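Q: Pasting in a structure now, in structure tokens, and then I'll have a few things to ask.
The values are calculated or read from the model by the stated rules, or taken from the named source; none is laboratory data. Model, not experiment: these values are computed from the prediction. Neighbour counts are summed over all protein chains in view; Cβ atoms, including those assigned to glycine, are modelled from backbone coordinates with ideal geometry.
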Amino acid sequence: MNVQSLLHGADRLSTFVGKAAAWLIVVLMVVVCAEVFKRYALNAPTAWIYDVNNMLYGTLFMLGGAYTLAHDGHVRGDFFYGNMKPRTQAWFDIVLYVLFFLPGIGALTWAGWTYFNDSLAMREQTFNATPLPLYP
């Protein structure tokens, strides 16, 4: 297995996960519409739908980011980049990923792991009338 086939496999996985995660938009829409209906038509709001809404949106955001990255859909300043040759663009992408993307992901992973450990140690719960645990 060479590096090219590994990269194509990662792109295929990102595309599959992104397309599957796109269906979370439908689930999110149903959840929000159900809450609006229950709140205003039945006068019976629920406390847990707010948490489900936040968790679904966060999941959609993270999984959609991988799909967008695989399809080169992120916004960039095109006034320099558009005039470059494809080989120069590729080198530019590599340098910027090494300088900005990888350290950013590393910092988010480190901070997320620290936050997770603190949350688990204090048995943190969501902030609503029926607090849900944020741990398994």
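Q: Does residue 120 qualify as being more than 30 Å from residue 8 (Cβ to Cβ) and surrounded by fewer than 10 Cβ atoms within 10 Å (Cβ to Cβ)?
A: Numbers: more than 30 Å from residue 8 (Cβ to Cβ): yes; surrounded by fewer than 10 Cβ atoms within 10 Å (Cβ to Cβ): no.
No.
Results for (1) loosely packed, with under 12 Cβ neighbours inside 10 Å; (2) at pLDDT 90 or above; (3) farther than 27 Å from residue 112 by Cα; (4) of a type in the set (Ser, Thr, Tyr), shown as yes or no for each residue.
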residue: 33; (1), (2), (3), (4): yes, yes, yes, no
residue: 40; (1), (2), (3), (4): yes, yes, yes, yes
residue: 53; (1), (2), (3), (4): no, no, no, no
residue: 56; (1), (2), (3), (4): no, no, no, no
residue: 69; (1), (2), (3), (4): no, no, no, no
residue: 72; (1), (2), (3), (4): yes, no, no, no
residue: 78; (1), (2), (3), (4): yes, no, yes, no
residue: 82; (1), (2), (3), (4): yes, no, yes, no
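Q: Given the criteria modelled with pLDDT of 85 or more and surrounded by 11 or more Cβ atoms within 10 Å (Cβ to Cβ), does residue 100 qualify?
A: no
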